Amino acid sequence: MKLMWVCNMMPSAVRKAATGKEGSANWLDHALSDLRGRGLNIRILCREGTQRGNLDEKCSFAAFRDKEPYRYLPEVEAFFLEELKAFQPDVIHIWGTEYAHTLAMMNAAEKLGMTERCVISIQGLCSVYARHYAEGIPVKVQRQYTLHDLLKRENILGQQRVYEKRGALEVQALQKARHVIGRTPWDMACAEMLAPKAQYHFCNETLREPFYEGQWSYGECRKHRIFASSCVYPVKGFHYLLEALAEVVKEYPDAVLAVPGRSFLELDSKGRLHQDNYHRYLKRKTEQYGLSEKIEFMGKLSPEGMKEQFLKAHVFALPSTIENSPNSLGEAMLLGTPCVAADVGGVTTMLASGREGLTYQSTAPYMLASCIKQVFAMEEKAEAMGAAASEHARKTHDPGKNLEDLLGIYREIENSSK
């Protein structure tokens with residue numbers, strides 16, 4: 001089988017071959033490593049450069065430039081046309097819908113009569129995420145600008161509009177699709193709405209390798225330490241988590257919140273220049289609630305660093321306003337870290353509330369606070385909940401099962417397009 005992958009990021013093996021740099025491992029690496037052991041002829045097309053090369057005699061790659069995810073570039077479509085003509089793939093697997101190049105590939109395949117060979121994996125969906133982007137943030141704040149926002153010509157509302165632009169291209173691509181891959185009732189419902197001509201194929205995701213080893217322990221964790229995976233965008237709901245933390249510290253004054261990334265609190269002149277309005281809003285909320293000493297910023301974390309933080313935490317919190325099946329939740333569950341997650345998208349497909357973790361209404365930070373305090377009060381009994389979550393996650397993210405499911409989808413598409 002000749003398989004073409006279209007990726008919105010470079011798999012680590014490709015990055016090493018293209019740039020000589022190791023780079024940070026990502027969730028595509030595990031699947032690619034498993035597929036390369038099955039004798040397929042694989043051609044990987046990925047954004048982030050212009051390099052070409054080979055990983056081995058049966059796996060090659062070519063990179064393309066696609067800097068702005070909401071801007072359709074005819075030259076990317078032309079690049080795909082040439083690649084399709086030269087490689088003549090049996091199956092074209094497009095990972096994600098969030099970038100304009102997904103539509104470019106669908107258009108190129110359509111021109112060559114290869115639409116039936118394409119399958120699009122649903123990751124997030126910008127057209128749907130845009131509706132939830134700024135939930136919980138006052139409209140007045142959404143409209144404000146920092147100097148950074150003025151230079152970038154976008155504030156929170158502007159970022160939401162970018163999602164809408166990306167979503168418009170995404171919808172066009174999905175309307176052309178004849179095959180999509182998903183893994184939750186949420187993305188199935190979205191596929192029925194956005195890709196009415198497509199056959200829906202179920203396949204769970206395999207996560208990054210380091211998280212398949214290790215087990216959370218109450219005795220080893222740092223008591224009353226909360227870990228969140230991101231505070232970068234409003235959709236990650238960190239503003240809700242700050243409101244919850246303000247309630248948690250009333251009962252647990254030693255509670256702390258750890259999060260990857262740079263501090264939005266202690267800024268030099270350069271930091272202030274680069275601060276966007278969302279992080280200025282987070283700074284104001286942090287100061288309003290008197291939480292400045294309660295947040296630890298961990299900087300950029302490798303997979304091993306993320307794993308360490310999951311194992312150190314007393315609870316992992318996922319306060320997002322929307323998700324499909326968040327990898328951070330899967331990674332925490334694999335390790336058995338007690339999890340509290342907003343009941344959004346496909347979260348409850350991954351996590352059975354009450355037995356494997358706790359879920360709550362996403363717009364109710366007081367419920368998030370209550371759930372966190374419940375986990376703290378469980379003490380060592382939280383290990384049983386974490387163990388149940390780990391057992392579930394090892395089925396959901398089973399590399400062997402997911403590889404066979406993916407290969408089965410490829411074979412079905414190959415046979416149906418002949």
request  = Search the structure for amide H atoms under 5 Å from the amide H of HIS179, placed 1.01 Å from N in the peptide plane, and list their residues when 5 or more places away or on another chain.
outcome  = ILE120, GLN199
message = With every protein chain left in place and a probe of 1.4 Å, what is the accessible surface of TYR99, to the nearest 10 Å²?
response = 50 Å²
inquiry  = Can you list, by residue number, the Cys in the chain that have no neighbouring cysteine C-beta under 4.7 Å?
reply    = CYS59, CYS118, CYS126, CYS190, CYS203, CYS221, CYS231, CYS339, CYS371
note = Distance in Å, no decimals, from the C-alpha centre of the stretch 350-418 to the one of the stretch 115-150 is 24 Å
inquiry  = Please list, ordered by chain and number, the residues whose modelled amide H lies under 5 Å from the amide H of ARG47; skip anything fewer than 5 residues away on the same chain.
reply    = CYS7, MET9, PHE64
task = Quick one: grab Rg to one decimal and Dmax as a whole number for the chain, Cα atoms only, in Å.
result = 21.7, 65
task = Based on the mean of other Cβ atoms within 10 Å per residue, sort peptides 272-279, 238-245 so the most packed one is first.
result = 238-245, 272-279
message = Which GluC sites (Glu not before Pro) in the stretch 1-78 sit in a loop by DSSP (not H, G, I, E or B) and have at most 11 other Cβ atoms within 10 Å of their own Cβ?
response = GLU22, GLU57
ask   = So how do 260-270, 362-372, 220-230 stack up, highest first, on mean other-Cβ count within 10 Å?
value = 362-372, 220-230, 260-270
key: log10 of Debye I(q)/I(0), alpha-carbon scatterers only, for the stretch 323-369 at 0.17, 0.20, 0.23, 0.27 Å⁻¹   = -0.42, -0.59, -0.77, -1.04
query = What angle, in degrees between 0 and 90 and rounded to the nearest 10, separates the Cα long axis of helix 365-378 from the longest principal axis of the Cα atoms of the chain?
reply = 80 degrees
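The values are calculated or read from the model by the stated rules, or taken from the named source; none is laboratory data. All values derive from a computational prediction rather than experimental measurement. When we count neighbours, we look across all protein chains shown, and the Cβ atoms used for this are built from the backbone with ideal geometry, even at glycine. Side chains included, ligands, DNA and RNA excluded: accessible areas come from the protein's heavy atoms. Shrake-Rupley method; radii C 1.70, N 1.55, O 1.52, S 1.80 Å.
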